[in-house]
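Beneath this line is the structure, given in structure tokens, with notes to follow.
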Amino acid sequence: MKAPAFDYTRPRSLDEVWRLLAEHGDAARLLAGGQTLLATLNMRLSEPAMLIDINAIEALKGISVQGRVLRIGALATHREIESSALVARHAPLLAMAAPHIAHRAIRNLGTWGGSIAFADPAAEWPACLAALEGVVVVRGARGERRVAAKDFFIDLYTTALAAGELVAACELPLREDGDVYAFDELARRHGDYAIVGLALAARRGARGLQRARLAFLGIGSTPVRVPRTEAVLEAGELTPAHLDRAIETLAAELTPMADLSHRPATKRHLACVLARRVLASALAAA
Ligand SMILES: Cc1cc2nc3c(=O)[nH]c(=O)nc-3n(C[C@H](O)[C@H](O)[C@H](O)COP(=O)(O)OP(=O)(O)OC[C@H]3O[C@@H](n4cnc5c(N)ncnc54)[C@H](O)[C@@H]3O)c2cc1C
């Protein structure tokens, strides 16, 4: 199928974007990497009258360390993140997750901001952002605001972005001594959207994990954190018995949504298998 007819514009500044969004309202869509939007246009799931291509806007580009955070510009592509030395050093969880996103051709074009704004519950970046407890920098005509990951993803494909706002960047805490990370997912074929995935950001303590943040993808309508399981993981040495207790807590805590091919019970089972794997990999790296 072919996309319906639409107008296209490529503004050079954010002020121009605000003007265009105010003028076209709901009939306009921002175009970043186009790896989701163009597919939905071709399938006629969306029929915007105006595409506002944001790729010429310098303020949305780049990956940099700013004070105590790593700032990832909305237009940073999956590929740029995957190959960034700054990411590898300061937020290695993203480097671990990136190869799981689709295929290289899509990673060359798809963007961080597009993925965060689209908020697909099976996408890798939202789960990484949740595990790292990062912050989304939201901009609109009235200025900038910062929204914590836990408040940004509200429901299925629904975020805290208001009309006329966009994702400008995200800020992630810099890796500190003792921080360990792991990412893995279960998919039918490499590059497919995951059935279940898990991002882990933890800090080693003298006895086990001082801090554990687990964020699942493919389980609920948003990235899913599991505070009860995290508390168990933080409460003792990671002996095999203690790990068993954490996995039992996880099985009781998760209430997965079914997808077209998998029942909630299957997803729960897969999530527990994955959690063991991811924890073992983080501890081996530690
Ligand atoms: C075959 C295939 C397989 C894929 N597999 C995966 C996968 O395994 N994992 C995964 O995570 N993704 C996957 N994707 C999606 C891909 O990662 C997209 O690149 C990503 O979801 C959206 O980024 P984009 O830059 O392409 O956004 P676009 O397609 O340009 O835009 C997507 C939506 O976000 C909005 N938007 C874009 N940028 C912003 C912004 N800065 N602020 C506010 N709104 C914005 C757009 O208006 C649009 O509604 C796959 C895509 C394809 C085609």
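What follows draws every value from the coordinates through simple rules; no lab data is involved. As the structure is a prediction and not an experimental result, all values here were calculated from the model. All Cβ positions, glycine included, derive from the backbone under ideal geometry; neighbour counts span all protein chains shown.
Let me have the relative contact order for the chain, percent, based on Cα pairs under 8 Å that are six or more residues apart.
Relative contact order comes out at 15 percent.
Over the C-alpha atoms of the stretch 7-53, what are the Rg and the largest Cα-to-Cα span, Dmax, in Å?
Cα-based Rg and Dmax for the stretch 7-53 come out at 10.6, 31 Å.
If you take every residue apart from Ala27 with its C-beta less than 13 Å away from the C-beta of Ala27, what net charge results, scoring Lys and Arg +1 and Asp and Glu -1?
With Lys, Arg at +1 and Asp, Glu at -1, the neighbours total -3.
At 24 Å minimum axial length over the Cα atoms and a Kyte-Doolittle cut of -1.0, report the qualifying DSSP H helices in the chain, or say none.
Qualifying helices: 264-285.
Could you give the C-alpha radius of gyration of the stretch 41-95 expressed as a fraction of 2.2 N^0.38 Å, taking N as the number of residues it contains?
Rg over 2.2 N^0.38 Å, computed on Cα atoms: 1.50.
First measure r as the distance between the Cβ atoms of Glu16 and Asp151, then evaluate 1/(1 + (r/R0)^6) with R0 = 45 Å and state the FRET efficiency to the nearest 0.05.
0.95
With the crude spin-label approximation of a point 7 Å out along Cα→Cβ, what separation in nm comes out for Ala56 versus Ala235?
5.8 nm
According to a simple spin-label model (label point 7 Å from Cα along Cα-to-Cβ), what is the distance in nm between His190 and Met1?
About 3.3 nm, to one decimal.
Given Cα positions, please report Rg to Rh for the chain, the hydrodynamic radius being the Kirkwood one.
Across the chain, the Cα-based Rg/Rh ratio is 0.99.
Return the inverse of the average 1/r over all pairs of distinct C-alpha atoms in the stretch 162-284, which is the Kirkwood hydrodynamic radius, in Å to one decimal.
15.4 Å
Roughly how many whole Å is it from the C-alpha centroid of the stretch 218-243 to that of the stretch 114-137?
19 Å
Of the peptides 2-10, 21-29, how do they stack up when ordered by the mean number of other Cβ atoms within 10 Å, highest first?
Answer by packing, highest mean first, reads 21-29, 2-10.
Give the Kirkwood hydrodynamic radius (Å, one decimal) of the stretch 58-173, defined as one over the mean of 1/r across all pairs of different Cα atoms.
Kirkwood radius, the stretch 58-173: 13.9 Å.
For the residues Met96, Met50, Met43, Met1, what sequence is obtained by ranking on other C-beta atoms within 10 Å, fewest first?
The most exposed by this proxy come first: Met1, Met43, Met50, Met96.
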